[in-house]
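The values are calculated or read from the model by the stated rules, or taken from the named source; none is laboratory data. On a predicted model such as this, the values are computed, not experimentally measured, just so you know. Because the Cβ atoms are built from the backbone with ideal geometry, glycine has one as well, and the counts that use them run over all protein chains shown.
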Amino acid sequence: MSEILIEGRRLMLRRATVSDVDYITALQFAPENLKFIVPFDKNYQGKAAKSDGTQIMNVIIEERDTEDPAGYFMIRGLDNKAKEMEWTHVIVGRKGLGYGHEAMKLLKAWTFEVKKFHRAWLDCKDYNEIAIHLYESEGLQREGLIRETLLTDGIYENLIIFGMLDREYFERKADNKELSLEAED
């Protein structure tokens, strides 16, 4: 049994295990996801799954009722003294069900309420309109653009940096735009 990080109404986030590596790898290399990320190979994912989780942690988005995986993301920087966490490779495997919003709400609650981090950030390719909409609607702020930083199939691509501060999260929570952990128990 892997460690459950946080539970929501329909989803829970749990730490990935070695048995999840095939799912994670398949999700990354699926054509509908691959164009939006720079994937890690199975060997790297296996090392991440076996790590102590302080520098890097794979997280599975899982349906509570069925315990079926519904997505994946990676967290970096849990050992960061500045209390700054990176979220990366955010991939929803079961699209069109609102799972992206619930997973982001759970991730933010875990980051800012449970782990007490000051800042979280992620990057996103500038043409990933669905992800950009998700991040902005979940209160992440555009912090910058890294121009032509990735070379993919001979084309340079831009990354948008999104971030959220703890005070922004708690302001949204006061305005009832974030889930209440108390109501989820």
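Scanning region 102-149 for residues that are under 18 Å from residue 85 (Cβ atoms), polar (S, T, N, Q) and not in a helix (DSSP H, G or I) turns up just one, 141.
Could you grab me the full set of residues in region 59-81 that are more than 18 Å from residue 111 (Cα to Cα) and assigned to a loop (DSSP other than H, G, I, E, B)? Hits for region 59-81 are 64, 65, 66, 67, 68.
Only one of the listed residues (24, 6, 37) is in contact with a His (Cβ under 6 Å, 6 or more places away or on another chain), surrounded by 15 or more Cβ atoms within 10 Å (Cβ to Cβ) and of a type in the set (A, V, I, L, M, F, W, C). That residue is 37.
When region 150-185 is limited to residues that are of a type in the set (Gly, Ala, Ser) and not in a loop (DSSP other than H, G, I, E, B), the one that is farthest from residue 92 (Cα to Cα) turns out to be 174.
Can you name the residue in region 128-151 that is of a type in the set (Ser, Thr, Tyr) and in contact (Cβ under 8 Å) with a residue 12 or more places away in the chain and is also farthest from residue 35 (Cα to Cα) among such residues? Step by step, filter region 128-151, then rank; the result is 137. Consider residue 5 carefully, then state whether it is closer than 30 Å to residue 118 by Cβ, of a type outside the set (Ser, Thr, Tyr) and part of a loop (DSSP other than H, G, I, E, B). Judged against the criteria, residue 5 is not a match. The conditions of being in contact with a strand residue (DSSP E or B) (Cβ under 9 Å, 6 or more places away or on another chain), modelled with pLDDT of 95 or more, among the aliphatic types (A, V, I, L, M) and surrounded by 15 or more Cβ atoms within 10 Å (Cβ to Cβ) are not met by residue 145. Among the residues of region 83-115, those that are over 23 Å from residue 159 (Cα atoms) and among the small types (Gly, Ala, Ser) comprise 96, 98, 109.
In region 161-174, the residues that are among the hydroxyl-bearing types (Ser, Thr, Tyr) reach residues that are crowded, with 16+ Cβ neighbours inside 10 Å and modelled with pLDDT of 95 or more with C-beta atoms within less than 9 angstrom, at least six apart or across chains, in these pairs: 169/108; 169/109; 169/111; 169/112; 169/113; 169/120; 169/139.
Note on region 1-58: residues that are within 14 Å of residue 92 (Cβ to Cβ) and among the aromatic types (Phe, Trp, Tyr) total 2.
Within the bounds of region 46-58, is there any residue that is surrounded by 17 or more Cβ atoms within 10 Å (Cβ to Cβ), in contact with a Gly (Cβ under 9 Å, 6 or more places away or on another chain) and outside any strand (DSSP E or B)? So far as region 46-58 goes, no, none of its residues is surrounded by 17 or more Cβ atoms within 10 Å (Cβ to Cβ), in contact with a Gly (Cβ under 9 Å, 6 or more places away or on another chain) and outside any strand (DSSP E or B). Report yes if residue 37 is among the β-branched types (Val, Ile, Thr) and at pLDDT 95 or above, otherwise no. No; evaluated as a whole, the condition is false for this residue.
Within region 84-101, is even one residue surrounded by 19 or more Cβ atoms within 10 Å (Cβ to Cβ) and touching a Lys or Arg at 6+ places or on another chain (Cβ under 6 Å)? No, there is no match, as no residue in region 84-101 is surrounded by 19 or more Cβ atoms within 10 Å (Cβ to Cβ) and touching a Lys or Arg at 6+ places or on another chain (Cβ under 6 Å).
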